[in-house]
Amino acid sequence: FAQSPTEDPHAHHMHHEHHDSHAMDADGMVMNENRDQLPRDCPSLAGEQTITVHAGKKYAQQFNGLIFAYDQHEWDVPPCTKVTIILVNEDNVRHQWMVHGLPRYLYVEGMFHLEANGGRQKTGTFIVPSGKKTYLVHCDIAQHMEKGMKAQLKIGGGDGNLPSIPGISGPRQADRYPLRWNLWSLLVSGMA
């Protein structure tokens, strides 16, 4: 490895450290797994929790206009807990379970990421910090979040609900469609 005189001597090490946090196989990929390093604000590990998440089209059927969804849209875990996620993909396309906003000194870009190939499952582990907070969980495959794969992870009860979580909260800004009743619309609706 040749290093240019202007290159940061730690950049190569950080580059490899970043890639070492990825584990990919036929089932999918895990990024930024953390099984043992405690967040700075955790004096000790509070416990361990395993969450099985099913992902697929069938879970979106109960929500008008959605295509994909998780079988659950909210999880609550105690602060300083080691969380193991088992992502079971029931579709024939890839799906992800990503959580954002975690401490960047532990998780590259502040995220933990699982990706399961179609018809497969993938397992990964991370440790949550101590503060009461609500974290965004979603699938980052193009248009999957917009089509319904959005949820929230609450630590210690969280700090409120995020907008547009299926079955939990409404959109940040409600759609506005002007209602204009006329004789034709009354006849069509059966109200005349």
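Coordinate-derived values only; no laboratory data. Every value quoted in this text rests on a predicted model; they were computed, and no experiment measured them. Here the Cβ is made from the backbone with ideal geometry for all residues, glycine too, and neighbour counts use every protein chain on show.
Listed values, structure above:
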| item | result |
| --- | --- |
| Local electrostatic count, residue 79, Cβ distance below 14 Å [Lys/Arg +1, Asp/Glu -1] | +1 |
| Whichever lysines have a C-alpha closer than 27 Å to that of residue 58, once near sequence neighbours (fewer than 8 apart) are set aside | 122, 147, 150, 154 |
| Rough spin-label spacing in nm, given labels placed 7 Å along Cα→Cβ, for residue 49 and residue 37 | 2.3 |
| Local electrostatic count, residue 154, Cβ distance below 9 Å [Lys/Arg +1, Asp/Glu -1] | -1 |
| Cα-based shape type of the range 33-180, given that a ≥ b ≥ c are square roots of the gyration tensor eigenvalues and the cut on a/c is 1.5 | oblate |
| Net charge contributed by nearby residues that have their C-beta within less than 13 Å of residue 100 (K/R +1, D/E -1) | +1 |
| Hypothetical label at residue 109: residues of the range 21-46 whose amide nitrogen lies under 16 Å (7 Å Cα-Cβ projection) | 21-24, 29-33 |
